[in-house]
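> This is the structure I have questions about; it appears just below.
The values are calculated or read from the model by the stated rules, or taken from the named source; none is laboratory data. Only a predicted model underlies this, so the values are computations on that prediction, with no experimental measurement involved. Because the Cβ atoms are built from the backbone with ideal geometry, glycine has one as well, and the counts that use them run over all protein chains shown. These area figures cover heavy atoms from the full protein model, side chains too; ligands, DNA and RNA do not enter into them. Shrake-Rupley method; radii C 1.70, N 1.55, O 1.52, S 1.80 Å.
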Amino acid sequence: MTTAYQMPKRNEENAGICERMDDSFQRIREFSKEQSVPAPYRDYFLACASFADSLEKFLAAFQEEDLATTERIPELKNFHKALFQPYLVSYEMSWLNPVYAVEKLGDCGPMLSAFYLEVLHLIPQAFEKNYAAITAVLETLIQLYCSLEDDAENPKKPQELRDILYSYGLDYSENFSKEAMDGLYMPENSYPVHAVKHNEFLKSDDLYRMGYYVSEEVLKTFSFIASLSEEKIDCMARTWYQGFKDGFRLQGKPYEKKSVINFVYEAGFERVVRRTAELFYEDGFDFAIPRASLHFVTRNPGQARGLYVSPNRQMDYDHSYDAALVMGDRIAARLLEERRAVFVSYGDRIRRYAGPVVMECFGEAEFTPVDHKEALRFTEHQTEVYGRYRNNLQLLVHEFVLEEERSFTIISWPLPGIGKDFEEIFRDTIAINTLKSEEYMPVQQALIDALDQAGEVHVTGRGNDTDITVQLHPLANPEKESNFENCLSDVNIPLGEVFTSPKLEGTRGTLHVRKVFIDGIQFRDLRLQFQDGRVVDYSCDNFEDTDASRALVKKIIFGEKDHLPLGEFAIGTNTKAYRMTEQYQIGARMPILIAEKTGPHFAVGDTCYSFMEDMHLFNPDGKELVAKDNSVSACRKTDPSKAYFAVHTDITIPYNELGDIVAVCADGRRISIIHDGRFVLPGTEVLNEALDEQ
């Protein structure tokens with residue numbers, strides 16, 4: 001297990017960086033006394049200075065403490081309010097809003113708006129006493145200020161500011177990379193881990209020690225979790241814990257050789273995380289808790305992954321591409337070199353890592369972003385560079401974190417924002433997440449036995465334009481081989497699907513879903529056109545501007561990649577989950593983790609078995625899974641950069657939008673699996689019971 005956490009303190013060891021930080025705070029305080037920067041730039045820097053003042057006072061107040069003393073909670077809450085206040089002012093008149101920033105600052109607006117967010121993102125750094133990170137941002141703020149003194153109208157000024165921010169990104173990228181990686185793999189000296197270990201999370205006061213934004217939604221979530229019995233918490237924790245262990249067991253991986261996991265979870269569920277960690281502790285495991293990367297250099301477009309609570313989702317969307325300030329061949333190559341160096345520095349410690357234990361949540365308020373043209377965005381070249389970088393980063397991770405020695409598990413829970421039926425939905429979700437594998441195994445095996453006779457599967461929609469034919473891999477020895485995995489309750493909770501990696505050549509047609517939630521965004525009338533297993537056209541109706549709608553699909557679903565292959569075809573069997581979504585009318589808000597079990601689904605990007613293609617995997621009936629590859633992933637043997645995309649996005653057709661699924665055999669036989677949204681294959685009719693109860 002790891003050594004005890006020690007809160008960084010101001011001492012001789014960090015005297016130099018603390019002196020620079022103090023000098024920076026002092027210089028920033030002087031902004032308010034000066035008139036050397038013209039309005040409205042002065043207003044921008046005064047806003048930054050006001051936040052810096054709150055940050056400095058917070059650091060001084062809790063200089064020698066780790067925020068664990070109960071008597072100081074009221075003071076801590078007051079600081080929380082002051083620190084997060086800049087996020088909560090009217091977004092229409094906030095420097096965080098690139099539209100407002102451009103209106104006031106012209107061409108310099110998008111860059112300064114991006115850096116304002118970088119400044120505000122110092123809050124978790126202050127909780128963790130990361131003096132170096134705080135100093136880097138403050139010194140860069142002063143550089144920007146000095147650059148604009150008496151010369152703000154110079155037409156070359158936007159490029160000068162961009163150069164300053166580029167230098168900031170380049171100079172500190174190594175720190176950003178190490179910070180992100182330590183959060184993933186190294187429990188040692190982790191403040192979030194310390195906070196979870198040393199607080200029981202029975203009182204909401206404990207949340208204010210975490211360093212994230214404690215929103216009303218988080219407080220409601222926490223209050224509900226705190227109200228649950230120990231038995232309920234233990235049930236939730238054991239399901240999560242056991243799913244992870246079962247993943248190792250079923251895939252024949254060495255659980256006993258590992259000793260570190262990381263938790264990715266929703267704020268407010270700390271009590272569940274704490275109990276799950278205790279179960280892993282009994283097996284000799286410690287845990288990490290990564291924060292979402294908040295630096296614009298390492299922040300991923302799309303949804304933040306890690307411990308983070310958004311004060312404003314439109315803000316997050318507007319700043320998705322702030323990395324455009326630095327993205328290019330040089331920074332991409334440097335980030336990869338630095339991440340490799342961090343992996344090497346870990347030595348044998350990285351071999352402890354077993355994988356992520358992930359919680360997704362659903363029920364937050366529906367969000368359709370506004371596409372602001374003033375926001376930073378990638379150029380075509382930057383999109384290409386970033387895509388290559390993500391591919392190469394994935395290859396690098398798998399070089400050090402061996403796929404044959406790691407696993408994962410993922411589970412989902414509702415949030416209070418789901419509506420008035422929240423408690424009933426939570427109760428039903430517990431029932432869905434704890435369904436018994438032994439009850440579903442024979443039903444799903446009947447599906448697999450039928451599908452394994454086919455050369456292709458034809459899927460049509462009902463009330464939509466879905467009409468797609470999926471090619472299956474030929475089975476050389478049907479007595480011992482299978483195309484479809486019998487997915488039960490282990491890595492992917494809840495249970496309820498059979499899935500395969502299709503053969504690309506010959507896979508063709510249209511996938512059309514009227515409404516689907518992906519990464520927190522509801523897509524309306526999403527259409528994907530496939531030819532030989534590749535996406536050749538796509539659209540949605542989220543925006544009036546067709547190009548903006550396509551850009552949204554490319555960003556969220558495709559991860560900025562082009563012509564992605566179809567990596568997975570599956571048939572969901574969890575009709576109880578579907579009944580719940582229909583009963584409470586929450587289908588459009590369900591996470592893909594549950595939604596994918598409520599009908600057939602198709603995943604674009606990597607196969608279900610990326611980096612595991614050469615492993616021997618078996619179904620419960622003993623048959624080996626042979627459909628782990630396709631003509632794209634096969635490139636790993638000659639050019640790995642062309643084999644993987646670091647993308648695997650599921651899109652589900654719910655039962656009420658589903659027409660027929662027919663397995664088409666080489667001899668012309670047609671085996672009907674589903675007809676008019678109902679299971680008709682012998683041995684699967686039991687799945688209709690939940691549909692009929694709805």
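> Does the stretch 430-466 hold any residues that are open to solvent by 40 Å² or more (accessible area, probe 1.4 Å), part of a helix (DSSP H, G or I) and touching a Ser or Thr at 6+ places or on another chain (Cβ under 8 Å), and which are they?
Within the stretch 430-466, none qualify.
> Out of the stretch 146-166, which residues are charged (D, E, K, R) and open to solvent by less than 10 Å² (accessible area, probe 1.4 Å)?
Hit for the stretch 146-166 is K157, nothing else.
> Now, a different point. Checking the conditions here, which among Q143, Q125 is surrounded by fewer than 18 Cβ atoms within 10 Å (Cβ to Cβ) and assigned to a helix (DSSP H, G or I)? Walk me through how you get there before you give the answer.
Working: Q125 fails: surrounded by fewer than 18 Cβ atoms within 10 Å (Cβ to Cβ).
Answer to the selection: Q143.
> Pull up the stretch 75-93, narrow it to residues that are free of Cβ contacts under 8 Å to residues at least 40 places away in the same chain and surrounded by 19 or more Cβ atoms within 10 Å (Cβ to Cβ), then point me to the one that is nearest to P38 (Cα to Cα).
Filtering the stretch 75-93 for residues that are free of Cβ contacts under 8 Å to residues at least 40 places away in the same chain and surrounded by 19 or more Cβ atoms within 10 Å (Cβ to Cβ), the one nearest to P38 (Cα to Cα) comes out as P86.
> Please indicate, with yes or no, whether at least one residue in the stretch 409-417 is of a type in the set (G, A, S) and farther than 30 Å from L336 by Cβ.
Checking the stretch 409-417: at least one residue is of a type in the set (G, A, S) and farther than 30 Å from L336 by Cβ.
> Report, ordered by the first and then the second residue, all pairs with beta carbons closer than 8 Å, sequence separation of six or more or different chains, a first member in the stretch 116-130 that is closer than 15 Å to K9 by Cβ, and a second member that is acidic (D, E) and crowded, with 20+ Cβ neighbours inside 10 Å.
Taking only residues 6 or more apart or on different chains, the pairs are N130/E179.
> Condition test on T638, is it within 25 Å of the chain's Cα centre (by Cα) and either without any contact (Cβ under 8 Å) to a residue 40 or more places away in the chain or within 28 Å of T581 (Cα to Cα) (or both)?
Taking the combined requirement at face value, the residue does not satisfy it.
> Go through F569, F558, F645 for me and flag whichever is open to solvent by less than 10 Å² (accessible area, probe 1.4 Å), in contact (Cβ under 8 Å) with a residue 12 or more places away in the chain and closer than 20 Å to Y389 by Cα.
F558
> Name the one entry in R427, R406 that is out of contact with any Asp or Glu (no Cβ under 7 Å at 6 or more places or on another chain) and either open to solvent by less than 60 Å² (accessible area, probe 1.4 Å) or touching a residue at least 40 places away in the same chain (Cβ under 8 Å) (or both).
The match here is R406.
> Using beta carbons and a limit of 8 Å, which pairs, at least six apart or on different chains, have the first residue in the stretch 194-222 and open to solvent by 30 Å² or more (accessible area, probe 1.4 Å) and the second one part of a helix (DSSP H, G or I) and among the small types (G, A, S)?
K197/A277; L202/A226; K203/A226; S204/S223; S204/A226; E217/G417; L219/S204; K220/G417
> Now, a different point. Find all pairs meeting these conditions: Cβ atoms under 8 angstrom apart; at least six residues apart or on different chains; first residue within the stretch 437-458 and under 14 Å from G622 (Cα atoms); second residue open to solvent by 20 Å² or more (accessible area, probe 1.4 Å).
Every condition considered, the pairs that remain are M441/P620; P442/G683; Q445/P620; Q445/D621.
> Hey, any hits in the stretch 225-232 for a residue that's farther than 16 Å from V309 by Cα, of a type outside the set (D, E), in contact with a Phe, Trp or Tyr (Cβ under 9 Å, 6 or more places away or on another chain) and surrounded by 19 or more Cβ atoms within 10 Å (Cβ to Cβ)?
yes
> Which one of the conditions (1) open to solvent by 60 Å² or more (accessible area, probe 1.4 Å); (2) at pLDDT below 95 does Y386 fail to meet, given that it meets all the rest?
Exception for Y386: condition (1).
> Restricting the search to the stretch 343-360, which residues are open to solvent by less than 50 Å² (accessible area, probe 1.4 Å) and of a type in the set (S, T, Y)?
Y346, Y353
> Of the residues that sit in the stretch 242-291 and are within 18 Å of I430 (Cα to Cα) and part of a loop (DSSP other than H, G, I, E, B), which one is most open to solvent (accessible area, probe 1.4 Å)?
E266
> Only one of S407, S412 is part of a loop (DSSP other than H, G, I, E, B), within 24 Å of the chain's Cα centre (by Cα) and of a type outside the set (D, E, K, R). Can you tell me which?
Result: S407 is the single residue among S407, S412 that is part of a loop (DSSP other than H, G, I, E, B), within 24 Å of the chain's Cα centre (by Cα) and of a type outside the set (D, E, K, R).
> Of all residues in the stretch 520-532, how many are surrounded by fewer than 20 Cβ atoms within 10 Å (Cβ to Cβ) and closer than 23 Å to E380 by Cβ?
Result for the stretch 520-532: 1.
> Can I ask one more? Name the strands (runs of 3 or more DSSP E) wholly inside the stretch 591-676 in which the number of residues that are within 18 Å of I448 (Cα to Cα) is 1 or more.
600-605, 658-665, 670-675
> Separate question: From the set of residues in the stretch 361-383 that are over 19 Å from D519 (Cβ atoms) and of a type in the set (S, T, N, Q), which is most open to solvent (accessible area, probe 1.4 Å)?
Filtering first and then ranking leaves T379.
> Right, here's the next one. Would it be correct to say that F602 is open to solvent by 30 Å² or more (accessible area, probe 1.4 Å) and of a type in the set (A, V, I, L, M, F, W, C)?
Criteria not met by F602.
> Return the only residue of V513, V553, V535 being in contact with a Phe, Trp or Tyr (Cβ under 6 Å, 6 or more places away or on another chain), open to solvent by less than 20 Å² (accessible area, probe 1.4 Å) and β-branched (V, I, T). Walk me through it before giving the result.
Details: V513 fails: in contact with a Phe, Trp or Tyr (Cβ under 6 Å, 6 or more places away or on another chain); V535 fails: in contact with a Phe, Trp or Tyr (Cβ under 6 Å, 6 or more places away or on another chain).
Going through V513, V553, V535 in turn, the sole match is V553.
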